[in-house]
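Chemist: What follows is a single structure, and I will ask about it in a moment.
The values are calculated or read from the model by the stated rules, or taken from the named source; none is laboratory data. What you see is a predicted model; the values in this text were computed from it and never measured. Cβ atoms come from the backbone with ideal geometry, glycine included; neighbour counts cover every protein chain shown. Ligands, DNA and RNA are excluded from the accessible area calculation, which covers all protein heavy atoms including side chains. Shrake-Rupley method; radii C 1.70, N 1.55, O 1.52, S 1.80 Å.
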Amino acid sequence: MFSQIFILSPRGDTIINRDFRSDLPKSTPETFFRQAKTYSGDANPLFTVDCIQFVHIKRGGLYIVGTSRFNLQPAMSLELLDRLAKEIKDFCGVINEEVLRKNFILIYEILDESFDFGYPQLMATEQIKPLIVNDPIQPQPDSVMNSLRPKIQTFNIFVPNTIGSQAVQRSVLNKNQANEIFVDIYEKLNVLFNSSAYVINQSIEGCIQMTSFLQGNPPLKLALNDDLQIGRQQGQYSAGVILDDCNFHECVNANELDMNKTLRIQPPDGQFVVMNYRISGDYAAPFRLFPIIEEVSSSKIEVTIKLKACFDAKIIASYANVRIPIPKQTANAYPELVKNAQLETAEYDSNKKIVEWQIKKLCGGQERSLKIKLTLQATQTAHTARKEIGPIAMNFEIPMFNVSRLQIKYLRIEERGNTTNPHRWVRYITQSSSYVCRI
């Protein structure tokens with residue numbers, strides 16, 4: 001199906017770009033816009049340039065485009081893009097450049113729930129609504145320039161049952177007794193590997209979230225990495241932390257961010273998101289998957305999956321879940337764990353044709369492996385069946401760890417004469433959003 005889905009402004013600026021397969025050049029949006037502008041009126045909804053098929057619709061003056069290296073079915077492709085546009089409109093209320101730039105995290109989330117590896121999954125608002133964690137940000141009608149400082153409503157992102165969730169559950173009515181503040185850096189990873197465990201495409205969607213129970217809501221000063229940079233230049237490499245996009249809560253003053261990497265915050269009561277950000281550069285993926293397929297006979301296949309935790313031994317993943325799709329013509333599947341394996345289970349779902357491997361605890365530097373013995377039905381051979389294995393998908397959570405290296409240097413109370421010393425809790429959480437390995 002689609003290799004990419006991107007949304008362009010009327011000027012050709014890329015607002016949203018989700019690359020599902022990394023099999024097309026990164027300059028594809030520019031190629032589309034140049035070709036679209038060659039038409040005297042509106043561009044044809046479907047055309048081909050340099051063996052790349054483009055299909056697009058126009059909503060609110062924006063181009064919503066799907067691409068593929070293979071022949072697309074025109075009616076189906078246009079219908080899918082139209083449904084995607086309806087989902088975006090249902091969540092955001094309207095489709096225009098300002099709204100999409102403010103809600104880019106939400107739009108990427110809608111794309112990831114609606115499409116899997118470029119194939120449509122859930123294409124109705126009522127289907128994906130229970131899976132969406134971000135709230136839409138409505139533009140301020142009195143000022144377009146304020147789009148650089150959007151209003152963000154409560155960010156109901158994943159909150160595990162640790163310090164942060166206890167803070168969320170704590171009643172604001174008890175803040176006179178609490179006098180504390182919780183700061184969480186959440187990051188969701190999107191990674192695509194090839195069969196040799198090399199990264200093809202990767203990105204990070206993250207946020208800094210606060211839960212404040214400070215007495216009197218005093219102003220705060222939050223300092224981030226000294227090597228932090230906002231915006232990535234074409235072909236730029238830097239050893240520091242580079243954020244491609246970011247936006248802030250209305251209570252945040254980011255005027256000093258470029259100069260001294262600090263944010264001034266007038267915190268409201270309870271939970272709010274200080275900043276959303278997105279990173280598309282290279283980073284060290286926390287896990288590597290190594291799939292090996294062996295054709296034992298014409299009707300039998302053995303699949304070996306090796307999983308390696310590529311982070312410090314002091315860090316522990318609280319869980320890891322690996323799902324391996326197998327051929328539809330499988331008669332039997334027998335998942336086998338290594339001898340004396342602890343805190344691991346592997347089960348075969350014959351209805352869904354999926355083997356699910358669950359690891360309840362995994363320390364950094366450890367390796368785990370799973371072998372799956374497949375017996376095929378007489379109507380299919382091992383040579384053709386092996387093409388139906390995968391792609392492998394993984395879900396995980398790693399507390400007190402973040403891939404981007406974005407750090408909280410300090411959090412201070414700026415109110416003069418304030419002699420209180422509230423408790424400050426800082427936590428890092430990394431989770432998978434789309435962690436896929438091709439076979």
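Chemist: Of the conditions (1) within 16 Å of the chain's Cα centre (by Cα); (2) assigned by the TED database to the domain that holds Ser318, Val296 satisfies every one except a single condition; which number is it?
Modeler: Here Val296 meets the rest and fails (1).
Chemist: So, Ser318, is that one in contact (Cβ under 8 Å) with a residue 60 or more places away in the chain and loosely packed, with under 14 Cβ neighbours inside 10 Å or not?
Modeler: no
Chemist: What number of residues in segment 258-275 are on the phi < 0 side of the Ramachandran plot and either open to solvent by 10 Å² or more (accessible area, probe 1.4 Å) or charged (D, E, K, R) (or both)?
Modeler: So the answer is 8.
Chemist: Exactly one condition in (1) in a helix (DSSP H, G or I); (2) open to solvent by less than 10 Å² (accessible area, probe 1.4 Å); (3) at pLDDT below 85 is not met by Leu100; state its number.
Modeler: (3)
Chemist: Continuing with this model, one more query. Only one of (1) open to solvent by 20 Å² or more (accessible area, probe 1.4 Å); (2) modelled with pLDDT of 50 or more is not met by Phe115, so which one is it?
Modeler: Result: Phe115 passes all but (1).
Chemist: For residues that are under 25 Å from Ser433 (Cα atoms), among the β-branched types (Val, Ile, Thr) and not in a strand (DSSP E or B), tally how many sit in segment 360-413.
Modeler: 3
Chemist: What residue, among those in segment 203-217 that are modelled with pLDDT of 90 or more and among the β-branched types (Val, Ile, Thr), is farthest from Leu111 (Cα to Cα)?
Modeler: It comes out as Ile208.
Chemist: Quick one: Asp19 ticks every box in (1) free of Cβ contacts under 8 Å to residues at least 40 places away in the same chain; (2) of a type in the set (Asp, Glu); (3) in contact with a strand residue (DSSP E or B) (Cβ under 8 Å, 6 or more places away or on another chain) bar one, so which box is it?
Modeler: Only one criterion is unmet by Asp19, namely (1).
Chemist: Would you confirm whether any residue within segment 28-51 is surrounded by fewer than 19 Cβ atoms within 10 Å (Cβ to Cβ), at positive phi and without any contact (Cβ under 8 Å) to a residue 40 or more places away in the chain?
Modeler: So far as segment 28-51 goes, yes, one or more of its residues are surrounded by fewer than 19 Cβ atoms within 10 Å (Cβ to Cβ), at positive phi and without any contact (Cβ under 8 Å) to a residue 40 or more places away in the chain.
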